[in-house]
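Input: a single structure, listed below in structure tokens.
The values are calculated or read from the model by the stated rules, or taken from the named source; none is laboratory data. This is a predicted model, so every value here is computed, not measured. Heads up, the Cβs are rebuilt from the backbone with ideal geometry, glycines too, and the neighbour counts pull from every protein chain shown.
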Amino acid sequence: MNDMAPTREQREAKLEGMGCKRKRVEDARFTQGKGNYVDDLKLPGMLHGDFVRSPHAHARVISINSEKALKVPGVLAVITAETLKTVNLSWMPTLAGDVQMVLADGKVLFQNQEVAFVVATDRYAADDGINAVEVEYEALPVVIDPFKAMDKDAPVLREDLVGKTSGAHGPRKHHNHIFEWTVGDKDLTDAAFRKADVTIKELISYHRTHPSPLETCQCVASFDKINGDLTIWGTFQAPHVIRTVVALIASLPEQKIHVISPDVGGGFGNKVGAYPGYICAAVASIVTGKPVKWVEDRIENLTATSFARDYHMTTEIAATKEGRVTGLRVHVLADHGAFDACADPSKWPAGFFNIVTGSYDFPTAHLSVDGIYTNKAPGGVAYRCSFRVTEAAYCIERGMDILAQKLGMDPAELRLKNFIKAEQFPYHSALGWEYDSGDYHTAMKMMMETVKYADLRKEQAAKREAFRRGETRDIMGLGVSFFTEIVGAGPSKNCDILGIAMFDSCEIRLHPTGAGIARVGSKSTGQGHETTWAQIIATEIGLPADNIKVEEGNTDTAPYGLGTYGSRSTPVAGAAIAMAARKIKAKAQMIAAYRLEVHEDDLEWDIDGFRVKGLPEKTMSMKDICWAAYNSVPPGMEPGLEAVSYYDPPNMTYPFGAYICVMDIDVDTGVYKVRRFYALDDCGTRINPMIIEGQVHGGLTEAFAIAMGQEIRYDETGNVVTGSFMDFFMPTAVETPHWETDFTVTPSPHHPIGAKGVGESPNVGGVPAFSNAVNDAFSFLGSTHIQMPHDFWRNWQAAKRLGAVG
Amino acid sequence: MIPGPFSYHRPSSVADAVKLLVSLGDEARPLAGGHSLIPMMKLRLATPEHLVDLHGIAGIKGVRRDGSTIVIGAMTTQHDLLASEMISKSLPILHETALVIADPQVRYRGTVGGNVANGDPGNDMPALMMTLGASYTLQGPGGTRSVVARDFYQGAYFTSLEPGEILTAIVIPAPASGHGYAYEKLKRKVGDYATAAAAVVLTMSGGKVATCAIGLTNLSETPLLAEEAAKIVIGTGLDEATLKKAAAAAEEIMSPAADGRGPIEYRKSVGGIMVMRALKRAAARAG
Ligand SMILES: Cc1cc2nc3c(=O)[nH]c(=O)nc-3n(C[C@H](O)[C@H](O)[C@H](O)COP(=O)(O)OP(=O)(O)OC[C@H]3O[C@@H](n4cnc5c(N)ncnc54)[C@H](O)[C@@H]3O)c2cc1C
């Protein structure tokens, strides 16, 4: 060996594989304005479509008159439900087994519902056109309060379902009822409550909010009349699913449908489902023979495409007087709006809400969920969330704090007492999940030591005394949250979308010079897949990450995948990538053995190639193997070096974390200040710590926004009153607190690289931390639970109700 | 979010602008920074057929001293105000207020003239101008006139501007040296209009308030001058009881709308808090 040979550390560093804080390769274009988003696409002759929307939340559509609109210069067509009926597309199936109007068919069911689609030569003409369409409405009584939706005399919202006593998920109890979903052992749980020393019961609401990607939902549809090919560029988190949905509902051959997600500016669940804009653009292109672009504006995004949450959770916990939890009972009233357009795996009407037992060893639990219709926008999607795990985490983390308060126990101590213990994994929860791994006590204690939890409690006690003496108008709250997520949907035994199992896929093709391309079934909407996927491959097969190009989002070239949402990319696609890489490595080993003239079993892997056991100087690098794969493979072996893997995960993964928020609230104005926020995440193996940190920062910022003010609110007549960023709380850098991040590593035992997923953890765990901080601050004044969002005026109202002001 | 059709005009003198406004009639609107007008046009809440852009007019931008007054040209941007040394020295409350208007992007475009002429109760400058005893120079088909800020605001988006008139300058009597000042604004986030805001300019003498003016933003259809509250504090050392009395007097004249910033009761209550905090801070600054 010559002296200049690189050290092992240098060889490893050169790969920039797993564990490396590799700079994001996509940022070179994003930070220079050179991304390629849907709205950047300009095709020759392209037309623009825009919607006439309903000003009413519930009304009969008496007539639609397009005459004047068609006279507006540049306006070419006005598409209505009647037009769509000719191609059988006036309604479309939702992912949740319901159907949804594409354009108002006889009536409208929520404000800003799509009524007609105006197609014009430019955006301006389209907008002038929609202002010239005359629609006559007859207003109908509205249902806005979910608790009134199932009143006996509540207006009938879905006339198309009249007389249908059962839906996609079983029997319907009322004309505005969608489904009831129950899990767990009712009798055992009821018995636990009868025997309990202490019980709590609280209605914990998670208000309606909205994922708000920087880029709104949009598409360009282009139908080629000669070949019969339909190409749709769109902001899709799951392009393959969109292709299959289009094939099924438009009866087009799937090979003639090309769905392309170019760069996507954030998704957060907003871009999973199918929206009327996609259908209308496609139909308009088929009708006109020209490409048609549809781009949603911010108000449309906030008010019409899918919302999130709107879960009203009546939560009961039974416990012994020592603070051991003995039972959990939750009933959820789930407001889905006008159509059940949840983007959940098909068999899960309430997503994975049955993770609601959280991080605690509940011997028994029972859950029931009633889904209902109201005159609000349809949904709801999983906003940076694995299908209702966010709601579940909020429910149990608030519940545990309320229980601690009733027991007179410290909330951290109550959690430590009830955690599932490290030795109990794999752990079977009372509501049916098998938690793969965890070490909750270590994480919790690390959090408590880092922030000096005991000292904070002492400071809080002193502050409370000072407040009582009239020396300060500030109250201090500590918000503890310990969440367990369930991500990586999912195993084919229980997860599918419209019958397609929720596997994911990767195809790797290596080139002769030691480079290659990986095509993956996931779709980055900002998570940095081009960076991290290459890192997995770099570590697995010993080629520098820089040599691996990652491509996603084109259904013609990428293998079929179910897309990116629910923190599933790393648990599922990430596993497929590792498995495809391992297939390549196995072939590479045969090539190396042949070239080194030894038996395969005499070779061992060494960072970036193989070496002969016991003869460290006899090596063959992966780079050389790539070359050999194209000219001197063993006799009988096919040349080339590529592999594809479709990965059906054996289980979900269960990331967890310990968060704490320290907050001060001025009771006179309700203004809060987040003094400190510490987030410890355990997402198993860490592929790129810098990207993880970025994900945590982003997710915590969303959690902060949601808990402290971000809300889709309706007035009693069904008008959205938070339809722009003036009123829908989107924090700027000024409002956003400083985030401290930390970690432990408990690898997933069943995942090929032990990774669990992290993108959504901070949103899931963050919301309860903020809300618990506010609630903890007010608790000494005699309150048990204050509903979110905790914006200034609501904090002031709470202070006033509790006698702390005026 | 696409405005209706309009034509664009760019006159090079105030006289030409006035002529255009007169000849084009009701469907014409002056355009300054566009940061109130254009959002309304994008929502089609405003659909002017003609925009008369004031950016081509020389001589209505900038800050100058004229005897005992400070004259601010209508087309001076919020950013220009922040950059002006004269403002920081003589009218520091203007600097303080400009800093809590919107965000840097908006402040680069938004003008002081547009802010005070707009007539939106959410704008921060109008209450301040009332507090400072400013007057506006208006030029129209009938010539030039001066209207004091305290008489200018008549209702939401309804001012004393006559058809064809352009606001060319704001004239502010320089406050006494050693005056105390504060603008206290409660808002939900950067870029938001006030939930409640109070402007205070006062002088102290022997530990007591000698003169005082208090303005209120976004607590009624128009900006307000809280005269009774100001009277209450004069001659006092701003003890806790006086502050509370002043806040109560100010709350008396508030009639905010209930909106996303909070219910009426809350907005009035924090309006009172802003008055107390502004008074205290102003007094602490007075020399
Ligand atoms: C996101 C955002 C946040 C904001 N937050 C705040 C805030 O917190 N506080 C605040 O005070 N403002 C706020 N604004 C408004 C901003 O300050 C505007 O710039 C200002 O209100 C208007 O000034 P302009 O120059 O942009 O006027 P324009 O929008 O051009 O005009 C406003 C109106 O005044 C008329 N006008 C303008 N100039 C004259 C003139 N010289 N003579 C006669 N009429 C005239 C116009 O015809 C129009 O009707 C915000 C704006 C935005 C977009």
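Checking each residue in the stretch A:40-80 for being part of a strand (DSSP E or B), surrounded by fewer than 20 Cβ atoms within 10 Å (Cβ to Cβ) and of a type in the set (D, E, K, R) picks out only A:Arg60.
I want to confirm something. Restricting to the stretch B:163-174 and keeping residues that are at negative phi and assigned to a loop (DSSP other than H, G, I, E, B), which single residue is farthest from the ligand (Cβ to nearest atom)?
Per the criteria, the residue is B:Ala174.
Scanning the stretch A:680-700 for residues being part of a helix (DSSP H, G or I) and surrounded by 24 or more Cβ atoms within 10 Å (Cβ to Cβ) gives a total of 4. B:Gln139 meets the conditions (1) within 14 Å of chain A (Cβ to nearest Cβ); (2) over 26 Å from B:Ala282 (Cβ atoms); (3) buried (at least 17 other Cβ atoms within 10 Å of the Cβ) in every case but one. The failed one is (1).
Against the numbered list (1) touching a strand residue (DSSP E or B) at 6+ places or on another chain (Cβ under 9 Å); (2) more than 21 Å from B:Gln105 (Cα to Cα), B:Gly207 comes up short only at (1). The C-beta contact set for the stretch B:138-150 (first residue touching a residue at least 40 places away in the same chain (Cβ under 8 Å), second residue outside any strand (DSSP E or B) and of a type in the set (Asp, Glu), distance under 7 angstrom, 6+ apart or interchain) comprises B:Gln139/B:Glu165; B:Gly140/B:Glu162; B:Gly140/B:Glu165.
May I ask you to verify whether A:Lys321 is among the basic types (Lys, Arg), touching a Gly at 6+ places or on another chain (Cβ under 8 Å) and away from chain B (no Cβ under 14 Å)? Taking the combined requirement at face value, the residue does not satisfy it. Residues considered: A:Gly718, A:Gly723. Of these, the only one that is under 22 Å from B:Gly260 (Cβ atoms), more than 14 Å from chain B (Cβ to nearest Cβ) and more than 21 Å from the chain's Cα centre (by Cα) is A:Gly718. Are any of the residues in the stretch A:532-541 touching a strand residue (DSSP E or B) at 6+ places or on another chain (Cβ under 7 Å), assigned to a helix (DSSP H, G or I) and closer than 23 Å to A:Pro650 by Cβ? Yes, the stretch A:532-541 has at least one match. Just to be sure before I move on: is B:Ala46 within 19 Å of B:Gly164 (Cβ to Cβ), small (Gly, Ala, Ser), free of Cβ contacts under 8 Å to residues at least 24 places away in the same chain and not assigned by TED's automatic domain parsing to the domain that holds B:Met75 in the structure I sent? So B:Ala46 fits the description; yes. Name the residues in the stretch B:252-275 that are more than 9 Å from chain A (Cβ to nearest Cβ) and closer than 14 Å to B:Leu186 by Cβ, would you? B:Met254, B:Pro256, B:Lys268, B:Gly271, B:Gly272, B:Val275 - these are the residues of the stretch B:252-275 that are more than 9 Å from chain A (Cβ to nearest Cβ) and closer than 14 Å to B:Leu186 by Cβ.
Looking only at the stretch A:701-713, decide whether some residue is away from every other protein chain (no Cβ under 14 Å) and surrounded by fewer than 21 Cβ atoms within 10 Å (Cβ to Cβ). Scanning the stretch A:701-713, I find no residue that is away from every other protein chain (no Cβ under 14 Å) and surrounded by fewer than 21 Cβ atoms within 10 Å (Cβ to Cβ), so the answer is no. Does B:Ala226 satisfy the condition of being under 20 Å from B:Arg261 (Cβ atoms), touching a residue at least 12 places away in the same chain (Cβ under 8 Å) and within 16 Å of the ligand (Cβ to nearest atom)? Taking the combined requirement at face value, the residue does not satisfy it. Could you list all residues from the stretch A:25-38 that are surrounded by 16 or more Cβ atoms within 10 Å (Cβ to Cβ) and outside any loop (DSSP other than H, G, I, E, B)? Selection gives A:Val38 alone. Scanning the stretch B:180-202 finds one or more residues that are more than 16 Å from the ligand (Cβ to nearest atom), closer than 18 Å to B:Thr97 by Cα and not aliphatic (A, V, I, L, M). Looking at A:Asp122, is it of a type in the set (Asp, Glu) and either within 14 Å of chain B (Cβ to nearest Cβ) or without any contact (Cβ under 8 Å) to a residue 12 or more places away in the chain (or both)? So A:Asp122 passes the test.
Any idea which of A:Thr303, A:Thr357, A:Thr364 is hydroxyl-bearing (Ser, Thr, Tyr) and within 14 Å of chain B (Cβ to nearest Cβ)? Criteria check complete, one pass: A:Thr303.
A single entry from A:Thr741, A:Thr784 fulfils the requirement of being away from every other protein chain (no Cβ under 14 Å), surrounded by fewer than 24 Cβ atoms within 10 Å (Cβ to Cβ) and under 22 Å from the mean Cα position of the chain (by Cα): A:Thr741. Where strands (runs of 3 or more DSSP E) sit wholly within the stretch B:175-287, those with at least 3 residues that are among the small types (Gly, Ala, Ser) and at pLDDT 95 or above occupy B:196-205, B:208-217.
The one condition from (1) part of a loop (DSSP other than H, G, I, E, B); (2) within 14 Å of chain A (Cβ to nearest Cβ); (3) within 12 Å of the ligand (Cβ to nearest atom) that B:Gly4 does not meet is (3).
A:Val87: within 14 Å of chain B (Cβ to nearest Cβ) and either surrounded by fewer than 21 Cβ atoms within 10 Å (Cβ to Cβ) or part of a strand (DSSP E or B) (or both), yes or no? Here the answer is no, as A:Val87 does not meet what is asked. Any residue in the stretch A:749-766 that is over 19 Å from A:Ser205 (Cα atoms), within 14 Å of chain B (Cβ to nearest Cβ) and not charged (D, E, K, R)? Checked against the condition, which is being over 19 Å from A:Ser205 (Cα atoms), within 14 Å of chain B (Cβ to nearest Cβ) and not charged (D, E, K, R), the stretch A:749-766 yields no hits at all. Do we have B:Asp26 as within 13 Å of the ligand (Cβ to nearest atom), charged (D, E, K, R) and either in a loop (DSSP other than H, G, I, E, B) or surrounded by 19 or more Cβ atoms within 10 Å (Cβ to Cβ) (or both) here? No: the conditions fail for B:Asp26. Considering only the stretch A:756-806, state which residues are under 30 Å from A:Asp681 (Cβ atoms) and among the aliphatic types (A, V, I, L, M). Answer for the stretch A:756-806, where residues must be under 30 Å from A:Asp681 (Cβ atoms) and among the aliphatic types (A, V, I, L, M): A:Val758, A:Val764, A:Val767, A:Ala769, A:Ala773, A:Val774, A:Ala777, A:Ile786, A:Met788. Residues in the stretch B:103-113: is at least one of a type in the set (Ser, Thr, Tyr), free of Cβ contacts under 8 Å to residues at least 12 places away in the same chain and surrounded by fewer than 24 Cβ atoms within 10 Å (Cβ to Cβ)? No, every residue in the stretch B:103-113 fails to be of a type in the set (Ser, Thr, Tyr), free of Cβ contacts under 8 Å to residues at least 12 places away in the same chain and surrounded by fewer than 24 Cβ atoms within 10 Å (Cβ to Cβ). Here the condition is being buried (at least 17 other Cβ atoms within 10 Å of the Cβ) and either within 14 Å of chain A (Cβ to nearest Cβ) or within 30 Å of B:Tyr136 (Cα to Cα) (or both); of B:Ser220, B:Ser177, it holds for B:Ser220 alone.
Meeting the requirement of 2 or more residues that are within 10 Å of the ligand (Cβ to nearest atom), the strands (runs of 3 or more DSSP E) wholly within the stretch B:38-141 are B:50-53, B:135-140.
When B:Ile214, B:Ile232 are screened for being away from chain A (no Cβ under 11 Å) and free of Cβ contacts under 8 Å to residues at least 24 places away in the same chain, only B:Ile232 passes.
I'd like the full set of residues that are of a type in the set (S, T, N, Q) and away from every other protein chain (no Cβ under 14 Å), limited to the stretch A:787-806.
Scanning the stretch A:787-806 gives a single hit, A:Gln787.
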